[in-house]
Amino acid sequence: MSVLICFALKEEAAPFRKIAACKSGISILLTGIGRRNAEKSVREFLNSCRSRGNETQIKEKLETPHVVSCEPDLVLTCGFAGGLNPDLKLGEVVFELPNANAQLSTRLLAAGARPAKFFCADRIATTVSKKRRLRYETLADAGEMESAAIHIVCAERGIPSATVRVISDTADEDLPLDFNALSKPDKNLDYGKLFLAVAKSPGKIPALMKLQKQTQFAAEQLANVLEKIIR
């Protein structure tokens with residue numbers, strides 16, 4: 001079975017990349033942040049499966065050294081998620097299926113993932129108060145920014161898909177900075193703005209270092225679960 005695994009960022013994919021390198025039929029695609037980037041990247045990848053003309057462009061975003069010659073049998077949209085449900089702990093892996101798929105659900109549960117409801121947001125929920133409001137308004141357990149768009153593309157082509165995400169910040173913690181204000185128009189982080197923000201508030205450095213450790217831990221937990229899914 002061939003599987004396409006989508007991550008928005010290389011940091012999300014890093015621990016799983018080594019695992020995927022030893023597996024056949026696994027492709028890792030970096031989509032960029034947000035629905036628009038995710039939809040564009042996945043459409044281009046799937047089109048490349050039918051037409052080799054876009055192969056060079058797609059390889060630039062792939063974290064695996066090949067482009068599959070046929071559409072994948074399964075697409076997983078993976079990466080970090082912000083906790084909205086206070087019961088979810090840092091590093092906990094959660095999943096959602098856009099359509100009923102008993103076999104895939106069984107595999108995900110056996111791998112240690114927990115079913116959850118996701119909200120696909122346009123902005124990062126950076127404070128506890130915003131997370132609580134989203135939880136109240138959407139009844140979602142976790143928030144992320146790409147999966148809804150990826151599921152739409154997969155549904156159009158009849159490809160099974162699932163969201164498999166890891167909690168990188170919990171419902172009861174604020175992020176150290178407003179990363180929405182530090183983003184470029186394409187949703188990617190503007191490192192110049194980040195440098196200035198840190199320079200103006202050096203007291204934020206310990207919290208940023210803590211967040212980096214959290215995300216590294218979360219990415220490793222996600223990789224462990226994904227390895228079990230693709231066995």
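The values are calculated or read from the model by the stated rules, or taken from the named source; none is laboratory data. If you're wondering where the values come from, they're calculated on a predicted model, not measured in any experiment. With ideal geometry, Cβ positions are generated from the backbone for all residues, glycine too; neighbour counts draw on all protein chains shown.
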**Report entry** Neighbours by Cβ (under 9 Å, 6+ apart or cross-chain): first from region 194-217, farther than 17 Å from G91 by Cβ; second surrounded by 11 or more Cβ atoms within 10 Å (Cβ to Cβ) and of a type in the set (K, R)
**Finding:** A197/K204; V198/K204
Query raised in the report: Which residues, taken from region 6-22, are within 14 Å of E146 (Cβ to Cβ) and either buried (at least 21 other Cβ atoms within 10 Å of the Cβ) or at pLDDT below 90 (or both)?
Result: C6, F7, A8, E12, A13
Report summary line: Residues of region 182-197 being hydrophobic (A, V, I, L, M, F, W, C) and surrounded by 12 or more Cβ atoms within 10 Å (Cβ to Cβ), in sequence order, are L182, L189, L194, L196, A197
Report summary line: Of those in region 166-186 that are assigned to a loop (DSSP other than H, G, I, E, B) and among the hydrophobic types (A, V, I, L, M, F, W, C), the residue nearest to A111 (Cα to Cα) is A171
Query - All positions within region 198-222 that are of a type in the set (G, A, S), assigned to a helix (DSSP H, G or I) and either over 25 Å from the mean Cα position of the chain (by Cα) or loosely packed, with under 11 Cβ neighbours inside 10 Å (or both) - result: A199, G203
Query raised in the report: Checking E71 against (1) modelled with pLDDT under 50; (2) surrounded by 15 or more Cβ atoms within 10 Å (Cβ to Cβ); (3) farther than 13 Å from I5 by Cβ, which single condition isn't satisfied?
Result: (1)
Query raised in the report: For residues in region 128-141 being in contact (Cβ under 8 Å) with a residue 24 or more places away in the chain and part of a loop (DSSP other than H, G, I, E, B), which is surrounded by the most Cβ atoms within 10 Å (Cβ to Cβ)?
Result: D141
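Restricting to region 187-197, name every residue that is of a type in the set (A, V, I, L, M), under 23 Å from M145 (Cβ atoms) and in a helix (DSSP H, G or I). Show your work before the answer.
Within region 187-197, the subset of a type in the set (A, V, I, L, M) is 189, 194, 196-197.
When the remaining residues are screened for being under 23 Å from M145 (Cβ atoms), the result is 189, 194, 197.
Answer for region 187-197, where residues must be of a type in the set (A, V, I, L, M), under 23 Å from M145 (Cβ atoms) and in a helix (DSSP H, G or I): L194, A197.
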Report task. With the condition kept exactly as written, say whether any residue in region 95-117 is closer than 11 Å to G82 by Cβ and not β-branched (V, I, T). Result -> no
Report task. Answer yes if at least one residue in region 158-165 is part of a strand (DSSP E or B) and of a type in the set (V, I, T), and no otherwise. Result -> yes
Query raised in the report: Can you tell me which residues in region 103-127 are closer than 21 Å to V153 by Cα and not in a loop (DSSP other than H, G, I, E, B)?
Result: L104, S105, F118, F119, C120
Query raised in the report: Picking from E173, E144, which residue would you name as being of a type in the set (D, E, K, R), modelled with pLDDT of 95 or more and buried (at least 18 other Cβ atoms within 10 Å of the Cβ)?
Result: E144
